[in-house]
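Novice: Pasting in a structure now, in structure tokens, and then I'll have a few things to ask.
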Amino acid sequence: MLWLLSVPVGGNEERIDQSICIIKWLKCKFRVGLVTSQPGLNIPLEEPKKAANNVEGLKKCLADFKKNLPWVERLDLTNKPVDDVLAKAEGRPSNDDVNPEDDFQREMYFYRQAQATVLEALPKLKKLNIFTKRPDDYFAEMSKTDQHMQKIRKKLMQKQVAMENSEKAKKLREQRKFGKKVQVEVLQKRQKQKRDMMTAVKKYQRGMTDKLDFLEGDKEGKNGPASSKKQMGKRGGPSSKRKYKDQKFGFGGRKKGSKRNTKESHNDVSGFRAKAAHGKGGKKFGKGGKNKRPGKETRRKMKSQK
């Protein structure tokens, strides 16, 4: 929308003609771009500054502040990066064209250039008898005082203790939660058993069942420690007493006729001993092989003589 701020005062026909002329003039300006269609956007544009590449002036300024100092005072080097070892190992040609958008290539290029600078600078420094390593007895003054470092150490210790205490508290909370959970589960289990018991009793009272299995379950509950011991014995394996009996009497099965001879046992004479079979062995008492104890009458006479 175009706003006509100044319209000459006169007759209606003159006013209309002048307005038409102003509209045509504004349309021409709008086509060129000097006027916009919205009010308040006609901002004057500043012409861009022209950059002057004054090479002579730059060289003069450089000559004014440049100082011809020896290399030891400057320590500046301009060199190319070393050969790419990875490219050589992989059989690729080492290409110095680096993509500036690739962070890895750019950083590797800087690293190789710094490596080449070190390899060129160290021999120069050695020729000039300049040490490149710090001596063993060199002690630099600390930028922080001992009191400040003690404060930092104290704060770090306090943070560590606070973290340990928080971890302990967290573990205790978890243990309490677990204990409460177990307690709730036990209570729920007892309530369920009680409900089942009451349901079974009601069924028995009404004659819906004649089984008394719930009483056996109650007895088992009362004899809890004994049953738990038996279960523990079963879990841990048979006891030594049970093992001895199994070894002596076997593991059950048929006992009748187990000592009868068979064809194999009759022909097996490996356990035969002639002395024991014909009574030549016998039992021997004492060292001499005979019973040295006197008889009853002899012992009585010996007592009477005393």
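The values are calculated or read from the model by the stated rules, or taken from the named source; none is laboratory data. Being a predicted model, the structure only gives us computed values, none of them experimental. Note that each Cβ is placed from the backbone with ideal geometry, even for glycine, and that neighbours are counted across all protein chains shown. To get the accessible areas, we keep the full protein, side chains included, count just its heavy atoms, and leave off ligands, DNA and RNA. Shrake-Rupley method; radii C 1.70, N 1.55, O 1.52, S 1.80 Å.
Novice: Beyond 26 Å, what share of the Cα-Cα pairs of the range 49-158 remains, rounded to the nearest whole percent? Present the calculation step by step, with values, prior to reporting the outcome.
Specialist: On the way: 3641 of 5995 pairs.
Cα-Cα pairs in the range 49-158 separated by more than 26 Å: 61 percent.
Novice: Using a 1.4 Å probe, how large is the accessible area of V72, given in Å² and rounded to the nearest 10?
Specialist: Accessible area of V72: about 60 Å².
Novice: Okay, next question. Report F104's accessible area, 1.4 Å probe, all protein chains in place, as a number in Å² to the nearest 10.
Specialist: 140
Novice: Ignoring ligands, DNA and RNA, please state the percent of accessible area on the range 71-128 from carbon and sulfur, probe 1.4 Å.
Specialist: Percent of accessible area from carbon and sulfur atoms in the range 71-128: 55.
Novice: Sticking with this structure for a sec: Which order do F249, F110 take by accessible area at a 1.4 Å probe, largest first?
Specialist: The most accessible residue leads, giving F249, F110.
Novice: Quick one: accessible area per residue over the range 36-165, 1.4 Å probe, rounded to a whole number of Å²?
Specialist: 99
Novice: Can you figure out the FRET efficiency of R300 with A274, using R₀ = 45 Å and their beta-carbon distance, to the nearest 0.05?
Specialist: Calculated value: 0.60.
Novice: To the nearest 0.05, what FRET efficiency results for A89 and S143 with a Förster distance of 45 Å applied to their C-beta separation?
Specialist: Values: r = 43 Å, r/R0 = 0.96.
Once the sixth-power term is evaluated, E becomes 0.55.
Novice: Right, something else. For N267 and L45, compute 0.36 nm times the residue count separating them, minus their Cα-Cα distance, and round to one decimal in nm.
Specialist: Fully extending the segment from N267 to L45 adds 66.9 nm.
Novice: Could you give the length gained on full extension between K155 and L75, defined as 0.36 nm per residue of separation minus the Cα-Cα distance, in nm?
Specialist: Full-extension gain reported as 24.5 nm.
Novice: Let me ask something else about it. Please work out how much accessible surface I130 shows to a 1.4 Å probe, ignoring ligands, DNA and RNA, in Å² rounded to 10.
Specialist: For I130, the solvent-accessible surface is approximately 60 Å².
Novice: Here is a further query. Rounded to a whole number of µm²/s, how large is the Stokes-Einstein D of the range 71-128 at 25 °C and 0.890 mPa s, given Rh as the Kirkwood radius over C-alpha pairs?
Specialist: Answer, rounded: 190 µm²/s.
Novice: Label M208 and Q193 with points 7 Å out from Cα along Cα→Cβ: what is the distance between them in nm?
Specialist: With each label point 7 Å from Cα toward Cβ, the separation is 2.3 nm.
Novice: A follow-up question, please. For the range 64-80, what does the Karplus curve 6.51 cos²θ - 1.76 cosθ + 1.60, with θ = phi - 60°, yield as ³J(HN,Hα) per residue in whole Hz, taken in order and with x for Gly and Pro?
Specialist: 5, 9, 7, 10, 8, 9, x, 5, 5, 7, 8, 6, 10, 9, 10, 8, 9
Novice: Using the Kirkwood radius over Cα pairs, work out the Stokes-Einstein diffusion coefficient for the range 95-145 at 25 °C and 0.890 mPa s, in µm²/s as a whole number.
Specialist: Roughly 171 µm²/s, to the nearest whole number.
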